1. Scan the range 45-73 residue by residue and report those that are surrounded by 13 or more Cβ atoms within 10 Å (Cβ to Cβ), within 14 Å of the ligand (Cβ to nearest atom) and in contact (Cβ under 8 Å) with a residue 12 or more places away in the chain.
2. Going by the structure shown, is LEU19 closer than 19 Å to GLU69 by Cβ, surrounded by fewer than 17 Cβ atoms within 10 Å (Cβ to Cβ) and out of contact with any Phe, Trp or Tyr (no Cβ under 8 Å at 6 or more places or on another chain)?
3. Among the listed residues SER61, SER34, which satisfies the condition of being modelled with pLDDT of 95 or more and of a type in the set (S, T, N, Q)?
4. What number of residues within the range 1-37 satisfy the criterion of being within 16 Å of the ligand (Cβ to nearest atom) and either in contact with a strand residue (DSSP E or B) (Cβ under 9 Å, 6 or more places away or on another chain) or polar (S, T, N, Q) (or both)?
Amino acid sequence: MADGQINDERHDCVVCGRLYSLQVTYDAEGQMRSCVATSPGVRVLPDPNQPLVTCSVHSGSEVGAALAERFFGPHAHEHDHAHQDEAEG
Ligand SMILES: [Zn+2]
């Protein structure tokens with residue numbers, strides 16, 4: 001990949017899944033350098049590894065909860081007692 005290459009990509013809002021167009025710049029190693037939304041009403045989240053976007057209307061707590069679910073799963077907080085549930089019945 002050429003240094004400074006700009007890719008047109010589409011990424012979904014982490015909260016509601018709405019698709020947005022982005023221009024993502026990569027360096028020669030394929031690491032994301034910058035990420036610019038080409039649609040209005042988009043907030044680009046500062047993630048060093050990948051383009052992450054949300055609608056600008058979502059609150060910070062909404063975005064935080066959606067990110068936790070995306071990266072750790074909807075039941076991440078239930079791991080402690082998941083095996084007890086399976087034993088029932
Ligand atoms: Zn959204």
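1. LEU45, LEU52, VAL53, THR54, CYS55, HIS58, GLU62, VAL63, ALA66, LEU67 - these are the residues of the range 45-73 that are surrounded by 13 or more Cβ atoms within 10 Å (Cβ to Cβ), within 14 Å of the ligand (Cβ to nearest atom) and in contact (Cβ under 8 Å) with a residue 12 or more places away in the chain.
2. yes
3. Answer to the check: SER61.
4. Of the residues in that region, 13 qualify.
The values are calculated or read from the model by the stated rules, or taken from the named source; none is laboratory data. In this text the structure is predicted, and so the values were computed from the model without any measurement. All Cβ positions, even for glycine, are placed from backbone atoms using ideal geometry, and neighbour counts span all protein chains on display.
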